[in-house]
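One structure below.
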There are 4 protein chains.
Amino acid sequence: MRRRAFAFVVAAILWPASVLAATHRLKPTDGHPTFAVRSPVLTVKPGDVLESESLWGEWYEKAGGKWPGEVGPIAIEGAEAGDTLVVEILKVRPNRDTAVSTQGSRFGALVPDEGTALLNAVFPRGRYVWRLDRQAMTGTVDLPGSATKSITVPLSPMLGRVAVAPEGDEAFGGLWPGPFGGNMDASDVREGTTVYLPVLHPGALFYFGDGHALQGDGEVCGSGLETSMDVAFRFGLLKKKEIAWPRLEDAEHLMVAGSARPLSDALRIAFVELIEWLAADYGFDRADAYQLVSQVAVVRVANIVDPLYTVVAKFPKRYLPPPAAATPGG
Amino acid sequence: MRRRAFAFVVAAILWPASVLAATHRLKPTDGHPTFAVRSPVLTVKPGDVLESESLWGEWYEKAGGKWPGEVGPIAIEGAEAGDTLVVEILKVRPNRDTAVSTQGSRFGALVPDEGTALLNAVFPRGRYVWRLDRQAMTGTVDLPGSATKSITVPLSPMLGRVAVAPEGDEAFGGLWPGPFGGNMDASDVREGTTVYLPVLHPGALFYFGDGHALQGDGEVCGSGLETSMDVAFRFGLLKKKEIAWPRLEDAEHLMVAGSARPLSDALRIAFVELIEWLAADYGFDRADAYQLVSQVAVVRVANIVDPLYTVVAKFPKRYLPPPAAATPGG
Amino acid sequence: MRRRAFAFVVAAILWPASVLAATHRLKPTDGHPTFAVRSPVLTVKPGDVLESESLWGEWYEKAGGKWPGEVGPIAIEGAEAGDTLVVEILKVRPNRDTAVSTQGSRFGALVPDEGTALLNAVFPRGRYVWRLDRQAMTGTVDLPGSATKSITVPLSPMLGRVAVAPEGDEAFGGLWPGPFGGNMDASDVREGTTVYLPVLHPGALFYFGDGHALQGDGEVCGSGLETSMDVAFRFGLLKKKEIAWPRLEDAEHLMVAGSARPLSDALRIAFVELIEWLAADYGFDRADAYQLVSQVAVVRVANIVDPLYTVVAKFPKRYLPPPAAATPGG
Amino acid sequence: MRRRAFAFVVAAILWPASVLAATHRLKPTDGHPTFAVRSPVLTVKPGDVLESESLWGEWYEKAGGKWPGEVGPIAIEGAEAGDTLVVEILKVRPNRDTAVSTQGSRFGALVPDEGTALLNAVFPRGRYVWRLDRQAMTGTVDLPGSATKSITVPLSPMLGRVAVAPEGDEAFGGLWPGPFGGNMDASDVREGTTVYLPVLHPGALFYFGDGHALQGDGEVCGSGLETSMDVAFRFGLLKKKEIAWPRLEDAEHLMVAGSARPLSDALRIAFVELIEWLAADYGFDRADAYQLVSQVAVVRVANIVDPLYTVVAKFPKRYLPPPAAATPGG
């Protein structure tokens, strides 16, 4: 049984060497307001690379402007419910010199929102335009009311939204994260990270969008440095491998992104799925895994502003067993 | 009962120190089960250093053993309600070769607890004894049920509990964090960090205890690598400086530790106090500060197991203005 | 302004006397798994009556059976976004002799669920079949493990789900409540109650289903006495009257049903919308209304098991002003 | 400081009563700010009646005035940890013609509070003085900003606070509810109700105070019609009967008052303890009891404003077995 589990890492990624891995280029012109089952704009094979970009639109240009929506869906050939979609993030880079962040009104962690409805006067809207230096990879913002008149910070580009079509007939607006991924606003969704998403429909139907040149933990004002991104993904497929929540992996960590309100439940989801992962694929007893994550796990509050909050629980890969140890029954 | 408390004070062995910036040595023999107003075991002056240790006891030796309680209170001469107590943490080092971590039953983030009461069968208790190598600063634990039979991790010693006596007549058990500090279980309370606590009573009445040789974010199983610590603190006082929640500072970050349930409220407290700090002491407009923390703040979930959960919000000091700009009216 | 507001109650219900109010009979054969924009199965005029029934299906017959879905959508002629749909509930009566309630596994308030994910062993599934006496309007259940071998209780039939199509392109599964109504599981949705729902799409697109012959507050095990119902509704329309959340009214109370997680936020939504209602339509100052609801409001926890929890806040109508007082500016 | 507490004890005017089932009269002159272990102001025997009154003070007279504190502690002879204290509420009646309710600032369910810290402008303080008619048992308030200039409502007197001394050395301020009772603000604590509290210290050490002439569910603005009350209690003792949370009983219902944040956890505590009660004392299987409470329980949100929120879950006594069936093993 362990052998099968370990095989998943090494060989189960369907990327047949016999077929040439194609590189697709997609120039999106319009986006979708929901994560939902739709006819794909493109179909790719496992192993293929997609070069594309996230959408820019009216929302970025003026207060109250319309959100451009998300790009997709991309169908992955051979994906069926019960599989896991693998998305290696090869590139996420700002492709213009401006980013926008808005705050206040009825959105954000430190003001009443649609959920936490209160009687107080509304906190004033704010709209900050950041200047991006793509060579230096920095962003600069003016702070009109402060003693410090402007600040420059290093960028760390990420994608707020990567998703598959949600289960059944459901269609969630672009602000929603969930088991299908979506608007997790997790800054670990960046170059060098591999995202695993549960396949819930034939073709998986992958969406992406919502570039952030930078975002603080929790994204507490409700937006990062919002801008459009050049992106590249390589797709893979783990056949008959079921996961309950989005998983992420980079050079350092295994990660799970749990989304729920209240925040404590998002954290619980992330940790329980992380422990199940360690138990199923790496030979840890669940009780031992509980002890271990309690001492070495890192938690990132990804967002505390969306309809569901997202928490990423991370396990350092240096504590994973070497291949042999992982397959005791092998 | 009060008599016993006083007896303990008398029995504490003190080595009173010299006059200017004295160094005190306190060898505690017994601890207190609550953070409360009590006669001090020692009185120090601002600038003085205290060398002492946290308590070891029956709890560490066997399942169901009694917790040794916290050391203190230490009175700081001249401290009055409305001041801020400054505690520089000069040393937090394990002073024995064993640490213990327990999990399950009715305590921890991933099982029903006293708050989240559910009907399910209780998750089995577990008790893991970690072997500490104080030269290498590592800890090793056996994982009986796992393919990986043992794991060794680097230590990062901290104090789970630093506190002043709470407001008014209140007395909170050792598991409670709050505006007075207490059982925050924040891994940033370590060597090199300065802790600021609100003074709520004459003398401030400082307590400490609950050493962790290591702890993961959230301390999800309910305990870290629990052991006793050699500690050293230097005390200071900010006169007529009122703060609402514990603040921390190290070489990299300004930090606030907010404690509440649900977890989202702990995060809100930490961020609002952080923004007020940036506004009051560093010349930032509150709206600008809201924007800035949203892009650069780091969030650490300190604990999600205690009667109140604790979140630490961190602001990188490299974005603070140079001294002149920080004091526009100065 | 007040005149217009008061007119809403008396005259703004579009129910033109010149047109004969038709009675429609709809025998549904199949249901929908989501609340979403779809072609209507029937179009009615304001003032018309619909006689129909909620669906029975496999779910009721055996463990793990498929849910039959909800009936609809019914289009209401002339309804446009920004209006309020009025649904008078003329009849909700069980139409068979059996009701089913299931509990345990991963659904319900007193066990871990999809949100509150925990490591404990799953609470055993249970399935209770209740015998309904439709003459006496009672239900009887056997209690196999108890000293009391069976219990008989009076019924109080209700509909768990009444909805319009949600905003935009969103499609929420049948378990979801929200601003569009949906699976509120509010026992006040019963004969004699009028439900007000925000119109978000042309025709409003009304759905209903999920009869409960009885349900306790909170529906804590996750289901009431689930059975099929004969129903009758009379539809009306308040043109250019916008509401944010479902409102209910019966002989005794004005009510608002707020849905959110955590539960406190559902309560806040319900109260804030109730206060806005009292302020906009009945001449109360918001601060005065806050004081008044604090002393006389009744709160019902409708459900604490669905993806969003629902709380109903109720204001006794006997404290409403007589018509004249309600229109001070009239 | 302790000396002052003792002085108060000496100053309390006691009318010690006759021997068997004595009636004691206590005229309190000062109260305590915390629920804590203290020397009793009076010792009574099980079966004895206490006639007394709750305190009036500066808080009721002017904004920002000092709260008078709670009356007690009353020791019950023979009470030991592990017993249950029984308090029959024989009388709770307003003893003056005025009641006060305050709202806004940083307290209440519909504004940011100490827990839900937000950046918005503070909601204005309000202070409403209600005129009580003790013959008609009604209260009348002026509504300065409203079309309706005043409103008269029937009273329903209750005690916000009944408590025993909390476990161990803890001392909770008067605003706190908990397993020890305290500031539950449950309107079911009224004439005709029997309150059961866990005994945690010798003598139990009973406190009471905080009369409300009326209070809406949830006490959302943060206060009811606050006034002083004439009270009478009869005390009893259930030896070696342990309960985890306060239980209440009147002619209609068995009730449990659970206190926690978030609100969902208060509800879970109340239901789990109610199910354990039905199982332990009335012969119900836990799974059957879960099903039964799901269909017939009534939930009252007692308060959603205090440091812990309180929910009362009620089970109708008409579904309890007759005495014989209740003790299958008896």
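The values are calculated or read from the model by the stated rules, or taken from the named source; none is laboratory data. Note that the structure is predicted; figures quoted are calculated from it, not measured. Here Cβ is always computed from backbone atoms with ideal geometry, including for glycine, and neighbour counts include all displayed protein chains.
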Handout entry: Scan of the stretch C:237-260 for residues that are in a strand (DSSP E or B), in contact with a helix residue (DSSP H, G or I) (Cβ under 7 Å, 6 or more places away or on another chain) and not charged (D, E, K, R), ordered by number
Key = C:238, C:253, C:254, C:256, C:257, C:258, C:259, C:260
Exercise for the section: Return the only residue of A:84, A:43, A:29, A:23 being free of Cβ contacts under 8 Å to residues at least 24 places away in the same chain and of a type in the set (Val, Ile, Thr). Expected result: A:29
Fill in the blank from the handout: Taking the stretch C:252-265 and keeping residues of a type in the set (Ser, Thr, Tyr) and either free of Cβ contacts under 8 Å to residues at least 12 places away in the same chain or at the interface with chain A (Cβ under 8 Å from one of its Cβ atoms) (or both) leaves C:264
Practice task
Being within 8 Å of another protein chain (Cβ to nearest Cβ) and modelled with pLDDT under 95 is the filter; apply it to the stretch C:310-326 and report the residue that is farthest from the chain's Cα centre (by Cα).
Solution key: C:325
Handout entry: Failed item in (1) within 8 Å of another protein chain (Cβ to nearest Cβ); (2) surrounded by fewer than 24 Cβ atoms within 10 Å (Cβ to Cβ); (3) over 22 Å from residue A:88 (Cα atoms); (4) in contact (Cβ under 8 Å) with a residue 24 or more places away in the chain, with residue A:307 passing the rest
Key = (1)
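Residues in the stretch C:210-218: is at least one away from chain D (no Cβ under 12 Å) and over 12 Å from residue C:196 (Cα atoms)?
The answer is yes; a qualifying residue exists.
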Exercise for the section: Take residue C:17 and decide whether it is at pLDDT 95 or above and either under 24 Å from residue C:127 (Cβ atoms) or surrounded by fewer than 17 Cβ atoms within 10 Å (Cβ to Cβ) (or both). Expected result: no
Practice task
Please find, among D:268, D:300, the residue that is under 18 Å from the mean Cα position of the chain (by Cα) and either facing chain C (nearest Cβ under 8 Å) or aromatic (Phe, Trp, Tyr) (or both).
Solution key: D:300
Problem - Residue list for the stretch C:20-60, filter: modelled with pLDDT of 95 or more and of a type in the set (D, E, K, R) - result: C:25, C:27, C:38, C:45, C:48, C:51, C:53, C:58
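Working only within the stretch D:94-114, note down all residues that are at negative phi and among the polar types (S, T, N, Q).
Restricting attention to the stretch D:94-114, the residues satisfying the condition of being at negative phi are D:94-103, D:106-107, D:109-114.
Correct list: D:95, D:98, D:101, D:102, D:103.
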Handout entry: Selection status of residue A:171, away from chain B (no Cβ under 14 Å), out of contact with any Asp or Glu (no Cβ under 7 Å at 6 or more places or on another chain) and at negative phi
Key = no
Practice task
Using the structure shown, decide if residue C:182 is part of a loop (DSSP other than H, G, I, E, B) and at positive phi.
Solution key: no
Handout entry: Matching strands (runs of 3 or more DSSP E) fully within the stretch B:46-153 where at least 3 residues are away from chain A (no Cβ under 14 Å), buried (at least 23 other Cβ atoms within 10 Å of the Cβ) and under 21 Å from the mean Cα position of the chain (by Cα)
Key = B:71-76, B:84-94
Fill in the blank from the handout: The residue that is farthest from the other protein chains (Cβ to nearest Cβ), considering only those in the stretch D:154-168 that are part of a strand (DSSP E or B) and within 17 Å of residue D:247 (Cβ to Cβ), is D:162
Practice task
Those residues that are surrounded by 24 or more Cβ atoms within 10 Å (Cβ to Cβ) and either part of a strand (DSSP E or B) or aromatic (Phe, Trp, Tyr) (or both), I need them from the stretch C:199-236; list them, please.
Solution key: C:206, C:207, C:208, C:209, C:210, C:211, C:212, C:227, C:229, C:231, C:233, C:235
Practice task
Test residue A:195 against the stated conditions and say whether it is assigned to a strand (DSSP E or B) and buried (at least 24 other Cβ atoms within 10 Å of the Cβ).
Solution key: yes
